[in-house]
Amino acid sequence: MSKELRFFVKAWEATVRKTHIGGKKRPNPLFTTMSVAPADDEPGETYHAEKVLANGDFYTGQWLDNYAHGQGKYLWTDGCMYVGEWQKGKTAGKGKFSWPSGATYEGDFKNGFMDGKGTYTGSFGETYRGSWVMNLRYGQGSKSFVNGDHYEGEWRRGLQDGQGRYQWKNGNHYIGQWRNGMIHGSGTMIWNNGNRYDGSWEEGLPKGNGTFRWADGSFYVGVWSKETKDQCGTYYPAGSSGGHVDWDPQEVFAVDLNDCKVCPVETISIFPSQMMLNWPGMEGEFMNKPPIYKNGSEGNVRPRRSSDVRGSNVSRGSNCDNNFDELGGSVARRFRVQPTKKQGITIAKGHKNYELMLNLQLGIRHSVGRPAPTTSLDLKTSAFDPREKVWTKFPPEGSKYTPPHQSSDFKWKDYCPVVFRTLRKLFKVDPADYMISLCGNDALRELSSPGKSGSFFYLTNDDRYMIKTMKKAEVKVLLRMLPAYYNHVRAFENTLVTKFFGLHCVKLTGPTQKKVRFVIMGNLFCSEYSIHRRFDLKGSSLGRSTDKPAAEIDATTTLKDLDLNYIFRLQKVWFQEFCRQVDRDCDFLEQERIMDYSLLVGLHFREASYNDPLATPDRSSGVGTPTGYGDPDNDKTPRVSKGEMDRLLSDPNRWASIRLGINMPAWAEKTVRKTDEAQLVGEPTGDLYDVILFFGIIDILQDYDISKKLEHAYKSFQYDPTSISAVDPKQYSRRFRAFIFRVFVEDT
């Protein structure tokens, strides 16, 4: 750098500092772009550049095709600065970002985000060292707080979550489970005077079974609650000592825990990915905005490098790629996807199941609204007894316990009501919201056709809950596995198995005495995002393709294994969590002798968020492939701009809503199958779409009974035994996992 330019930069930095201190902003750009480059520079070659950008920002470092690329330094007029590696205009690799407040982040960057291993030091000296995913602390990490406290353990979505240890400056410490930044689950609190509590916690306080021990060896065992009426237990003195006989357990809440307040995690004022960049010849853009390629197209498809194809024999002009734009071997494509519509037919008066819907709503309103004692999450064995059911009569004129109604006389049965009430509490379902969704003024919607099992499905108007009619055999399976199911979903908050909220039966009057049994489940696809493609995946090939013609396939069509034309690339920490949870869930289902379950996957293509989507299913390369028809310039539909969408998705509050299988950002990589063999998973092409994923394990009530054993024996004579779905639970679990771990891979 020349002496004159060094002087200019120092003067510029001093001006920035003064501007920041004075709280004023320069109203107009003062400098024009300038660069230093070799006279014989060839296009496409990296060279050193020093640029004062149109709005006054300054960049010095390596440069390629109007972008920072390589090592470089960028200074914003508000005082922020980044020094480190760049890739096509975005921070990527090792680098250091500093804020004018004095806070710094030093570590890994990816696609504009703090992502990987890194250290954040706050303006007051607090420090976090560990893993990051898209600006949020995620994975293993340690945090030293300004007041001297220290936490070391697992993080998710920017907060302590998982197993961790918190050490207070005064010597108290907690070792155990956390959730959303609070002590929650099983853990041990040890005070500096030698006293300790071992047991259950809920949102920072002892709740449930636990033991308080004194340093002299005496202890108190009981059920803990901040509500005095729910607290009960027994005191056991040490030897002949009776020093704590008059002790009140509420002292733990009122006194002991006063010195155990967890420090809040500080918020970062603005993330590096949210900083505006002003490269020459371009309007200001955010770091995490999708790149604009040389050909002028902008999109969600990352550049395709030759190393990404992994042996694919797909070439330009093939059926699967009918809208290429070449850029040094990369592909950028815009596509349109058909807008989603609400599924099902509204059950209005005159519908054959209108009366059944009224019965169902009356029964649920009675069940949920019925007064019940507060229950602990530690349920008694008797609550799971299949004979634990409550019958209620609903005469049209009403009774002491039921209101008058316009439907015919019927009886209502609740199976294991205490268990399902506790499950709803465990899943954080508000009773009032639950009742409004199922029993409000809005009618249910019946899906157009029953499933393969003959069961009918109903959706609530707000799409939050799904109601499925059940056979008696399925009810028996659910009641049999209910204790294990309850323990499993309680132990693993991120379980992918279906969430069950209630099991009921309506017994109609009349000569037939018909019984309709049904279960209430969570709807996996209830989201503010439209679901553009959905797949039901088992890992078998026999009969595993849609029987609809291509022209009839839309966003509500559930496609199958042989229709799948993507693999899904997850961030490292999410992929690891995904693998662990699939293994846990499959182990649980295998132990319960369950088979024939599926992974239901829904895709939201982010491109469809800012275009009026159109559908053009393409069967030649897989069902329902988005293609590039339609003119965005003629689109009159209001839409969200790319910049707004990216700012929305970089919002930490939005990322806080991400759970395993819910609102998960990912890349969907296009695949193609070889024509000479029926592959379950096609060959990757390198074409990647920016998607949001929803997925979960469904249909978990089919056990390997005598009928399934006979089906397996019969089909094994006609087909390859490995291609059929009716197989032993152990074999089914092994095959399911092997397939799913080929479809979901780590994004490298």
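The values are calculated or read from the model by the stated rules, or taken from the named source; none is laboratory data. The model shown is predicted, which means the values in this text are computed figures rather than measured ones. Positions of Cβ are generated from backbone atoms using ideal geometry, with glycine treated the same way; all protein chains shown enter the neighbour counts. The area values use the complete protein model at the heavy-atom level, side chains included, leaving out ligands, DNA and RNA. Shrake-Rupley method; radii C 1.70, N 1.55, O 1.52, S 1.80 Å.
The one condition from (1) in a loop (DSSP other than H, G, I, E, B); (2) crowded, with 22+ Cβ neighbours inside 10 Å that G141 does not meet is (1). When the stretch 358-379 is filtered for residues that are at pLDDT 75 or above and either of a type in the set (G, A, S) or within 32 Å of the chain's Cα centre (by Cα) (or both), the ones remaining, listed by number, are L360, Q361, G363, I364, R365, S367, V368, G369, S376, L377, D378, L379.
Here is a yes/no grid of residues against (1) at pLDDT 60 or above; (2) more than 30 Å from G148 (Cβ to Cβ):
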site	(1), (2)
G243	yes, yes
V252	yes, no
V265	yes, no
M275	yes, yes
P280	yes, yes
N295	no, yes
R304	no, yes
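Which one of these is closer than 30 Å to E85 by Cα, in a strand (DSSP E or B) and open to solvent by less than 20 Å² (accessible area, probe 1.4 Å): G164, G118?
On the way: G164 fails: closer than 30 Å to E85 by Cα.
The conditions single out G118.
When G93, G79, G72 are checked against the criterion of being part of a loop (DSSP other than H, G, I, E, B) and of a type outside the set (D, E), a single residue qualifies: G79.
One line per residue, one yes/no per condition, for (1) within 29 Å of G139 (Cα to Cα); (2) under 37 Å from the mean Cα position of the chain (by Cα); (3) in a loop (DSSP other than H, G, I, E, B):
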residue: Y174; (1), (2), (3): yes, yes, no
residue: W178; (1), (2), (3): yes, yes, no
residue: S186; (1), (2), (3): yes, yes, no
residue: N193; (1), (2), (3): no, no, yes
residue: W201; (1), (2), (3): yes, yes, no
residue: T211; (1), (2), (3): no, yes, no
residue: Y220; (1), (2), (3): no, no, no
residue: K229; (1), (2), (3): no, no, no
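Whether any residue in the stretch 125-135 is closer than 20 Å to G181 by Cβ, assigned to a strand (DSSP E or B), touching an Asp or Glu at 6+ places or on another chain (Cβ under 7 Å) and open to solvent by less than 20 Å² (accessible area, probe 1.4 Å) is what I want to check. Let's see the steps before the verdict.
Filtering the stretch 125-135 down to residues closer than 20 Å to G181 by Cβ leaves 126-135.
Add one more test, that the residue is assigned to a strand (DSSP E or B), and what stays is 127-133.
Now narrow it down to the ones that are touching an Asp or Glu at 6+ places or on another chain (Cβ under 7 Å): 132-133.
Right, trim to open to solvent by less than 20 Å² (accessible area, probe 1.4 Å) and you get 132-133.
So far as the stretch 125-135 goes, yes, one or more of its residues are closer than 20 Å to G181 by Cβ, assigned to a strand (DSSP E or B), touching an Asp or Glu at 6+ places or on another chain (Cβ under 7 Å) and open to solvent by less than 20 Å² (accessible area, probe 1.4 Å).
For the stretch 203-220, give me the residue count where each residue is in contact with a strand residue (DSSP E or B) (Cβ under 7 Å, 6 or more places away or on another chain), open to solvent by less than 60 Å² (accessible area, probe 1.4 Å) and under 25 Å from T374 (Cα atoms). Residues in the stretch 203-220 being in contact with a strand residue (DSSP E or B) (Cβ under 7 Å, 6 or more places away or on another chain), open to solvent by less than 60 Å² (accessible area, probe 1.4 Å) and under 25 Å from T374 (Cα atoms): 7 in total. Note on the stretch 524-578: residues that are outside any loop (DSSP other than H, G, I, E, B), among the hydrophobic types (A, V, I, L, M, F, W, C) and within 22 Å of T685 (Cβ to Cβ) amount to 9. Across the stretch 245-284, the qualifying residues are those that are out of contact with any helix residue (DSSP H, G or I) (no Cβ under 8 Å at 6 or more places or on another chain) and among the aromatic types (F, W, Y), and the one among them that is nearest to Y235 (Cα to Cα) is W247. Among residues of the stretch 535-554 that are under 23 Å from F695 (Cβ atoms) and at pLDDT 80 or above, those with a Cβ under 8 angstrom from a residue that is open to solvent by less than 60 Å² (accessible area, probe 1.4 Å) and of a type in the set (F, W, Y), sequence gap 6+ or separate chain, pair up as L537/F739; K538/Y597; K538/F736; K538/F739; G539/F736; G539/F739.
All conditions but one from (1) part of a loop (DSSP other than H, G, I, E, B); (2) within 25 Å of D463 (Cα to Cα) apply to M521; the one that does not is (1).
The rows are residues; the columns are (1) buried (at least 18 other Cβ atoms within 10 Å of the Cβ); (2) of a type outside the set (D, E, K, R).
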position: K380; (1), (2): no, no
position: Y415; (1), (2): yes, yes
position: L423; (1), (2): yes, yes
position: A432; (1), (2): no, yes
position: F457; (1), (2): yes, yes
position: V475; (1), (2): yes, yes
position: L478; (1), (2): yes, yes
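Out of all the residues in the stretch 531-560, which are in contact with a strand residue (DSSP E or B) (Cβ under 6 Å, 6 or more places away or on another chain) and under 22 Å from Q343 (Cα atoms)? I531, H532, R533, R534, F535, D536, L537, T546, T558, L559, K560 - these are the residues of the stretch 531-560 that are in contact with a strand residue (DSSP E or B) (Cβ under 6 Å, 6 or more places away or on another chain) and under 22 Å from Q343 (Cα atoms).
Among residues of the stretch 197-225 that are more than 16 Å from Y235 (Cα to Cα), those with a beta-carbon under 7 Å from a residue that is open to solvent by 50 Å² or more (accessible area, probe 1.4 Å) and of a type in the set (S, T, Y) at least six positions away or on a different chain give the pairs S200/S186.
Within the stretch 81-94, not a single residue is among the polar types (S, T, N, Q), under 23 Å from V265 (Cα atoms) and surrounded by 17 or more Cβ atoms within 10 Å (Cβ to Cβ). Residue count for the stretch 52-69 under the criterion of being open to solvent by 20 Å² or more (accessible area, probe 1.4 Å) and either out of contact with any His (no Cβ under 9 Å at 6 or more places or on another chain) or outside any strand (DSSP E or B) (or both): the result is 7.
The residue of the stretch 496-545 that is most open to solvent (accessible area, probe 1.4 Å), among those that are farther than 24 Å from D583 by Cα and among the basic types (K, R), is K514.
Being part of a helix (DSSP H, G or I) and crowded, with 16+ Cβ neighbours inside 10 Å, is that true of even one residue in the stretch 238-254?
Applying the first criterion (part of a helix (DSSP H, G or I)) to the stretch 238-254 yields 250-254.
If we keep only those that are crowded, with 16+ Cβ neighbours inside 10 Å as well, we get 252-253.
Within the stretch 238-254, one or more residues are part of a helix (DSSP H, G or I) and crowded, with 16+ Cβ neighbours inside 10 Å.
Filter the stretch 434-447 down to residues that are over 15 Å from G369 (Cα atoms) and without any contact (Cβ under 8 Å) to a residue 40 or more places away in the chain and give me whichever is least open to solvent (accessible area, probe 1.4 Å). Full working, then the answer.
Within the stretch 434-447, the subset over 15 Å from G369 (Cα atoms) is 441-447.
Now narrow it down to the ones that are without any contact (Cβ under 8 Å) to a residue 40 or more places away in the chain: 441-442.
Values: N441: 167, D442: 91 Å².
Applying the filter and picking the extreme gives D442.
Considering only residues in the stretch 144-161 that are touching an Asp or Glu at 6+ places or on another chain (Cβ under 7 Å) and not hydroxyl-bearing (S, T, Y), the one that is surrounded by the fewest Cβ atoms within 10 Å (Cβ to Cβ) turns out to be V146. Just to be sure, is P386 surrounded by fewer than 16 Cβ atoms within 10 Å (Cβ to Cβ) and under 28 Å from N494 (Cα atoms)? Yes, satisfied.
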